[in-house]
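Please read the structure below before turning to the comments.
Every number in this text was worked out from the coordinates using simple rules, so none of it is lab data. As the structure is a computational prediction, the values presented were derived from the model and not from experiment. Note that we place each Cβ from the backbone using ideal geometry, even for glycine, and neighbour counts take in every protein chain shown.
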Amino acid sequence: MAHSASDRDSELQELQKLEMLGLIAASMAHNFNNHLTTIVGNVDDVYQESGSNLRVQAALAEIRQVAQQAGELCRQLVSYSRAGNTEPAPIDLSEVIVDMAGLLVVCLPKTAALQIACEGGVPPIDGNLNQIRQVLMNLMINAGSSMRESSGTVLLRTTLVDFSPEQMASLPQAALLDAGRYLMLEVTDTGPGMDAERLQQIYEPYLTPDERGSGLGLAVVLAIARAHRGFVQVASTPGQGTTVQVFWPPSVAPVEAPPADPVNDGEAAAPAPAPEPVPAGRTILLIDDDPMILNSTSKLLKKMGYTVVTASDGVLGVEKFLIHRSEVACVILDLNMPYMNGSETLKSLRQAGCEVPVVIASGFSRLLITQEMRDLGIAAFMEKPYTSEMLGRTLEKVFNPSEALFL
């Protein structure tokens, strides 16, 4: 099926719009993660000073939990910007759905019943587990949003579908993808449905099947599907509900059981106690353009027993290393900085004779770590917002040669 010039122009404009929104989302996520790192760092610092005051400790644990949940929202923004993908692994989609069933039900109003129909014996898909969970949550939230004013059902099912080259060519989103077998994830609700005008806007942020949508919704679903070499189809008719289908190419690798998800355990996780003091003489060079992160992380490192030297950008970081080169035992380096970014700073540090371990800290995915940076030597990666125990555990592994370093 041929597409007209106006169709191609419309598709190009849509792609450009999504790309711009992705850039905005990535920038927002970076800034939010910096703020959240400061919040979590200060909470952990105060918690260690709170003694036996249970009321204060409970309040701090709750603040920490909320900050970590906000960090998860930032990861959604990064996923939308296509900067948040991690190495894919085989995932049994049906098993993930069963594991998340209790959580998915909570996304629906009490007047809506969830029905799950997962076809047995289907192959796994290659993907990022957190992003697959995110797709399921977003689809269920959208379905629940459309069912607020009426009772009915939401059907969640998986099945295999075969597409011919002609069928793929007729689908704008799939025209450049390979024909063949795809695993389909389908969510159908019996809500009020949408008219043609609203259906054309479905990938806009803050739009869901009703008019009170919030979040990135199907925009995230579309970005994640594309990142996994898949595509999305949406069909809706006023008065007849909405169906969203996400298609993924199946994996040929054996599947491993997904790990437990510690984020949704329903209880506020208290910060870990202060770690044991580190051996004397270990100085950390902390390079980050956010002054609040420099302050909060420095306090945590000092409580752990480290001496800290800080720098607010890469240029200053290299200068500080040259001044303290005989003392610095490790560098913690932010990726996104003005004047000289993390990659350029790492290269300059190595050229200046820095041979100590370097830990990359970023609100973006480790996929932003280039092969050149790996060749220059990276000991570990910490995703912002990092906690005191994550910081301490990372440095313990960095200084313990028996541990695998690049996390």
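A few notes on this one:
- Label-to-label distance, Ile116 versus Arg181, with points set 7 angstrom from Cα along the beta-carbon direction: 2.4 nm.
- Pair Gln371, Val105: separation of 7 Å Cα→Cβ label points (nm): 4.9
- Long-range HN-HN contacts of Ala361 with modeled amide H, under 5 Å: Leu333, Asp334, Leu335, Met382
- Within the same chain, lysines fewer than 8 places from Lys299 are excluded, and of the rest, those with a Cα less than 27 Å from its Cα are Lys320, Lys384, Lys397.
- In this structure, the amide hydrogen of Leu114, modeled 1.01 Å from its nitrogen in the peptide plane, lies closer than 5 angstrom to those of Val154, counting only residues at least 5 positions away or on a different chain.
- Between Arg229 and Glu319, the FRET efficiency from the beta-carbon distance, with R0 = 60 Å, is close to 0.85.
- Given their separation in residues at 0.36 nm each and the Cα-Cα distance between them, Arg148 and Leu160 gain 1.2 nm when the chain is fully extended.
- Total formal charge among the other residues, if their Cβ is under 12 angstrom from that of Glu327, Lys/Arg +1 and Asp/Glu -1: +3
- Extension gain, Ser52 back to Gln167 (0.36 nm per residue minus Cα-Cα distance, nm): 34.8 nm
- Percentage, to the nearest whole number, of Cα pairs in segment 89-248 over 28 Å apart: 16
- Whole-number percent relative contact order across segment 89-248, with pairs defined as alpha carbons under 8 Å at least 6 apart: 23
- Packing here is the average count of other Cβ atoms within 10 Å per residue, and on that basis the peptides 222-228, 328-334, 92-98, highest first, run 328-334, 222-228, 92-98.
- Stretched out straight at 0.36 nm per residue, the stretch from Arg198 to Asn341 would grow longer than its current Cα-Cα span by 47.3 nm.
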